[in-house]
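Right, one structure below, let's go through it.
The values are calculated or read from the model by the stated rules, or taken from the named source; none is laboratory data. Bear in mind that the values here come from a model prediction, so they are computed numbers and not experimental data. For neighbour counting, all protein chains shown are included, and Cβ atoms are generated from backbone atoms with ideal geometry for every residue, glycine included. The accessibility values were calculated without ligands, DNA or RNA, using every heavy atom of the protein model including side chains. Shrake-Rupley method; radii C 1.70, N 1.55, O 1.52, S 1.80 Å.
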Amino acid sequence: MVKATKPSSNEREFVLAALKEKRRVDGRGIYDVRSVQITFGADYGQVEIQLGRTRVAAKVSAKVERPRNDKPTEGMLFFNTEISPMACPTFDSGSRSEEEVLISRIIEKSLRRSRAIDTEGLCIVAGEKVWEIRVDLHFLDHDGNLVDCAGIAAITALSHFRRPDVTVVGEEVTIHPIDQRNPVPLSIHHIPICVSFAFFDEGQFLVVDPNYLEERVKKGDMTVTMNIHKEICALSKAGGIPLEMDQVLRCSQIALIKVTETTEQIQKALETDKAARKSKSSGAK
């Protein structure tokens with residue numbers, strides 16, 4: 001593993017000087033988010049998200065398992081993150097870094113604990129068989145703000161995923177292959193989107209969607225997870241400088257605007273892909 005180098009004094013001063021003029025080193029405004037590109041794979045539940053030059057691939061899979069004893073009528077939802085040295089040389093392929101653990105926890109809070117996915121709808125036979133949904137997140141390129149990119153990848157992949165249809169007759173359970181019967185989408189209550197902020201100069205300045213250099217210079221950060229219904233699903237602040245209440249409220253207001261824009265883009269991309277697949281299947285017939 002290559003040890004992460006601290007930014008030089010010149011880099012630090014350059015970032016702060018730009019922020020004082022309400023500008024950023026990559027040309028964005030302080031509240032601007034990098035463009036999001038959504039690319040779907042050949043199978044349902046495969047998606048690659050590119051946030052600027054940060055890239056994350058997500059893949060959703062499903063299998064039938066026995067439910068937990070304390071939740072016999074609920075399916076299971078798991079997230080697995082993998083950051084390899086391919087994304088950034090400072091990551092070690094053999095062990096999980098603190099950043100990877102933090103990202104995994106934020107995704108868990110944002111999607112699983114906020115009940116974004118209807119886990120009761122994953123039950124096949126109460127106490128016997130349920131669907132286990134697994135989301136694998138692979139980090140391909142790291143140019144800052146892995147959390148937001150991973151969050152968009154996870155919820156987009158879950159929205160795009162289709163599980164096999166199931167027929168239950170008495171105690172007999174039949175799982176129909178996708179080529180024999182149309183697969184079933186997951187029941188999604190809402191779409192939580194992560195919006196990350198970085199703070200500089202003892203909280204005097206803040207930016208949305210920090211890039212790699214800004215993350216190395218920042219004095220603190222915070223990730224707000226919201227949906228378009230103005231509900232805060234999760235709020236994560238792992239150390240750094242303390243924030244005043246008005247700063248948190250200001251960030252939540254900025255986050256709502258970004259969440260609305262991103263949600264609309266995800267829904268549009270899903271509709272476009274659905275139309276393309278329908279057209280392709282019609283042409284094949």
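Ranking Gln50, Ser252, Val15 by Cα position along the charge dipole of the chain, where only Lys, Arg, Asp and Glu carry charges on their C-beta atoms, puts Gln50 farthest toward the positive end.
What the phi angles of the stretch 214-229 give under the Karplus curve with 6.51, -1.76 and 1.60, with θ = phi - 60°, is a coupling list of 4, 5, 7, 9, 4, 9, x, 8, 7, 10, 9, 10, 9, 10, 6, 8 Hz, glycine and proline written as x.
Only Lys, Arg, Asp and Glu carry charge here, each on its Cβ (+1 for the first two, -1 for the last two); on that basis the chain has a dipole of about 380 debye about its Cα centre.
Calculated mean residue ellipticity, 222 nm, the chain: -9500 deg cm²/dmol, from DSSP H runs (n ≥ 4) at -39500 (n - 2.57) each, averaged per residue and rounded to 500.
The GluC sites (Glu not before Pro) found in the stretch 182-259 that occupy coil by DSSP, while having at most 16 further C-beta atoms within 10 Å, are Glu202, Glu231, Glu244.
Using a probe of 1.4 Å on the protein chains alone, the accessible area found for His189 is around 110 Å². Since only Leu186, Val135, Gly170 are under comparison, the one whose Cα sits farthest along the positive direction of the charge dipole of the stretch 127-236, derived from C-beta charges on Lys, Arg, Asp and Glu, is Gly170.
Summing +1 for each Lys or Arg and -1 for each Asp or Glu among the other residues whose beta-carbon sits under 10 angstrom from that of Arg55 gives -2.
Taken about its Cα centre, the stretch 126-285 carries a charge dipole of roughly 640 debye when the Cβ of each Lys and Arg holds +1 and the Cβ of each Asp and Glu holds -1. Rolling a 1.4 Å probe over the protein heavy atoms leaves Glu48 with an accessible area of roughly 60 Å².
Take the stretch 106-162 with all the other protein chains still there, run a 1.4 Å probe, and you get 29 Å² of accessible area per residue.
Extension gain, Asp273 to Val166, is 36.1 nm, computed as 0.36 nm per intervening residue step minus the present C-alpha separation.
Computed in the context of the full set of protein chains, the accessible area of the chain at 1.4 Å probe radius has 48% of its extent on carbon or sulfur. The stretch between Lys63 and Asp26, if pulled fully straight at 0.36 nm per residue, gains 9.0 nm over its current Cα-Cα span.
Taking 21 Å as the straight-line reach from the Cα of Lys274, the lysines in range (excluding those fewer than 8 positions away in the same chain) are Lys59, Lys285. When you filter the trypsin sites (Lys or Arg not before Pro) in the stretch 99-180 for DSSP loop state and at most 15 other Cβ atoms inside 10 Å of their Cβ, you are left with Arg115.
Could you work out the relative contact order of the stretch 1-116, using alpha carbon pairs under 8 angstrom and six or more residues apart, expressed as a whole percent? Reported as a whole number, the value is 18 percent. Among His138, His190, the sequence by solvent-accessible area, most first, with a 1.4 Å probe is His138, His190. Annotation for the stretch 24-74: trypsin sites (Lys or Arg not before Pro) lying in DSSP loop with at most 14 further Cβ atoms inside 10 Å of their Cβ are Arg53, Arg68. The mean sequence separation of alpha-carbon pairs under 8 Å and at least six residues apart, normalised by the residue count of the chain, gives a relative contact order of 19 percent.
Bridging of Lys219 to lysines at a Cα separation below 30 Å is possible for Lys3, Lys6, Lys20, Lys22, Lys109, Lys230, Lys237, Lys258, once same-chain residues fewer than 8 apart are set aside.
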